[in-house]
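Input: a single structure, listed below in structure tokens.
Values in this text are rule-based calculations from the coordinates and carry no lab data. It should be emphasised that the depicted structure is a prediction, and the values quoted were computed from it without experimental measurement. As a convention, Cβ positions derive from the backbone with ideal geometry for all residues, glycine included, and neighbour counts pool all protein chains shown.
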């Protein structure tokens, strides 16, 4: 199937999100000029597939992924896509400060540093735009809370007020937090008036037992959700997950649903979910993933998943 991707409106601003979005974290798996070309091909394939929301962060490849995304979007009409970046992890080109551990194989020669001060938040946001070569972003997320020592507390105490100022000053339309756990998500939702949650851990078919209270809190506050890592950062396909995967594959065969469609569309069952954020380094996977998002998945399939204990009940689903 082809045609435009479905969109969902943010409950506060009305901003339209394509229900599939492209992240850039995997782009730091690719080195050199050949990697640049491959990332451009991924972005071009995403655009051709109808994806119009793109996400990056200073931490991803220590600026490498920002630069690659900026190059890919350089000649697109700015009003035709949504763009998000992140703050909380800044980049030091002079290597003067202790760096946080890099989890990406290839990176630019900048040191990633945790900085939740007001100045650090502002600097991370502005320099992210510089590296992309794009003078505006629609969304800014607080980032690094699971990799920075004391990151959650620092982000809440000193980082959040400056993040909210970015919205108040009109520099972004939406602010939120990237949360790798439901506890981090709730800590932010209960304390600050954020617009959007990048739910990067604890909201996938493989792992969502504790997602219910977070979803309910988002619903009551008109907070949109981005369902990130639908494949559990690859963990779904690992040897340790063989038994649950086999059960899902059996159900997929019974209902003529592809495994990718089940994994990609799981989060969209919740009305608060605006988009499923996914990253790839393989241009060939983009069209197939977009097709899986469009694939019809009957309600009876999800009911069977519930009945057989593969998934838990979620608010609104």
Taking only the alpha-carbon atoms of the range 1-84, the convex hull volume per residue, in cubic angstrom, is 101
The exposure ranking of 12, 131, 68, fewest beta-carbon neighbours within 10 Å first, is 12, 131, 68
So the angle from the long Cα axis of helix 182-191 to the longest Cα principal axis of the chain, reported in degrees to the nearest 10, equals 60
Over the range 222-281, the quotient of the Cα radius of gyration and 2.2 N^0.38 Å is 1.23
The range 1-64 and the range 182-254 have their Cα centres apart by a whole-number Å value of 20
Per GNM of the chain with C-alpha springs under 10 angstrom, the most fluctuating residue out of 286, 113, 257 is 257
Most fluctuating of 115, 55, 31 in the GNM of the chain (C-alpha, under 10 Å) is 31
Relative to the chain, whose Cα atoms define the longest principal axis, helix 212-221 and its Cα axis are tilted in degrees, nearest 10, by 60
Fewest-first ordering of 47, 278 by Cβ atoms within 10 Å yields 47, 278
Computed over the chain: longest principal axis from alpha-carbon atoms vs helix 284-294 long axis, angle to nearest 10 degrees, is 60
Footprinting proxy, 263, 249, 129: sorted fewest to most Cβ within 10 Å, the residues are 249, 129, 263
What the 10 Å binned alpha carbon P(r) of the range 154-261 shows, as percent of pairs per bin from 0, is 13, 37, 27, 15, 7, 0
Honestly the chain on the Cα gyration tensor test (a ≥ b ≥ c root eigenvalues; a/c under 1.5 rounded, otherwise a/b vs b/c for prolate or oblate) is just prolate
